[in-house]
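Asker: Got a structure for you, questions after.
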Amino acid sequence: MPDEPRWLTDREREAWLALAKLMFNLPSALDAQLLRDNNLTLFDYFVLSVLSMTPGRTLRLSDLAGQLSSSLSRLSNVVKRLERRGLLRREPDADNPRYTNAVLTDAGWELVVAAAPGHVAAVRRYVIDGLTDHQIDVLREIACHVTRNLAVD
């Protein structure tokens, strides 16, 4: 007979349900702002943003997927769409042509620079503003803890 599950206490269930609601609602709100103001999804923005902060604005697709905690197939579809818009281009890695690099174009740079202020304002509005420094530290600790647990699986 299997062991009885460790059911959540009332307090744990309330915390879990609050987190679940956040996980569903926050990405939608950030997507809506970016789509409205810049015709980008949140994932599009993260792709462009990571490339914008990388030396040479170039990164192997496999490394980019790792930084975004994304599958290579999901990233590849987004990269194709962003490439069609002229925001990035793909090219063989000079060190190892078996790999493909994503390169942020000037148009991609300009768009991510234009989108950043609105995105940061939305992050401040929905997440940061109103929190104490201690709460921000705890939020970071919790997010890192959960992310580490996810990486184990």
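The values are calculated or read from the model by the stated rules, or taken from the named source; none is laboratory data. These numbers come from a predicted model, not from an experiment. Ideal geometry is used to build each Cβ from the backbone, glycine not excepted, and the neighbour counts take in all protein chains shown. Calculation scope for accessible area: heavy atoms of the full protein, side chains included, ligands and nucleic acids excluded. Shrake-Rupley method; radii C 1.70, N 1.55, O 1.52, S 1.80 Å.
Asker: Of all residues in segment 94-148 being of a type in the set (Phe, Trp, Tyr) and in a helix (DSSP H, G or I), which is nearest to GLN33 (Cα to Cα)? Break it down into steps so the answer makes sense when it comes.
Answerer: Taking segment 94-148 as the starting set, the residues that turn out to be of a type in the set (Phe, Trp, Tyr) are 99, 109, 126.
Checking the rest, the ones that are also in a helix (DSSP H, G or I) come to 109, 126.
On the way: TRP109: 19, TYR126: 11 Å.
Checked segment 94-148; the qualifying residue nearest to GLN33 (Cα to Cα) is TYR126.
Asker: Residues that are surrounded by 12 or more Cβ atoms within 10 Å (Cβ to Cβ), in contact with a Lys or Arg (Cβ under 7 Å, 6 or more places away or on another chain) and not charged (D, E, K, R): does segment 121-138 have at least one?
Answerer: No - not one qualifying residue is present in segment 121-138.
Asker: Moving on. Filter segment 57-73 for residues that are without any contact (Cβ under 8 Å) to a residue 24 or more places away in the chain and assigned to a helix (DSSP H, G or I); which is least open to solvent (accessible area, probe 1.4 Å)?
Answerer: If we take residues in segment 57-73 being without any contact (Cβ under 8 Å) to a residue 24 or more places away in the chain and assigned to a helix (DSSP H, G or I), then ALA65 is least open to solvent (accessible area, probe 1.4 Å).
Asker: Could you say whether any residue in segment 17-38 is crowded, with 16+ Cβ neighbours inside 10 Å, without any contact (Cβ under 8 Å) to a residue 40 or more places away in the chain and not polar (S, T, N, Q)?
Answerer: The answer is yes, given that some residue of segment 17-38 is crowded, with 16+ Cβ neighbours inside 10 Å, without any contact (Cβ under 8 Å) to a residue 40 or more places away in the chain and not polar (S, T, N, Q).
Asker: Can we say GLU91 is touching a residue at least 12 places away in the same chain (Cβ under 8 Å) and among the acidic types (Asp, Glu)?
Answerer: On the way: touching a residue at least 12 places away in the same chain (Cβ under 8 Å): yes; among the acidic types (Asp, Glu): yes.
So GLU91 fits the description; yes.
Asker: I'm checking my understanding of the structure. Among residues of segment 74-111 that are basic (Lys, Arg) and within 14 Å of LEU40 (Cβ to Cβ), which one is most open to solvent (accessible area, probe 1.4 Å)? Write out each step before concluding.
Answerer: In the first step, residues of segment 74-111 are kept if they are basic (Lys, Arg); the result is 74, 80-81, 84-85, 89-90, 98.
Cutting the leftovers down to within 14 Å of LEU40 (Cβ to Cβ) gives us 81, 84-85.
Values: ARG81: 85, ARG84: 184, ARG85: 94 Å².
Within segment 74-111, the match that is most open to solvent (accessible area, probe 1.4 Å) is ARG84.
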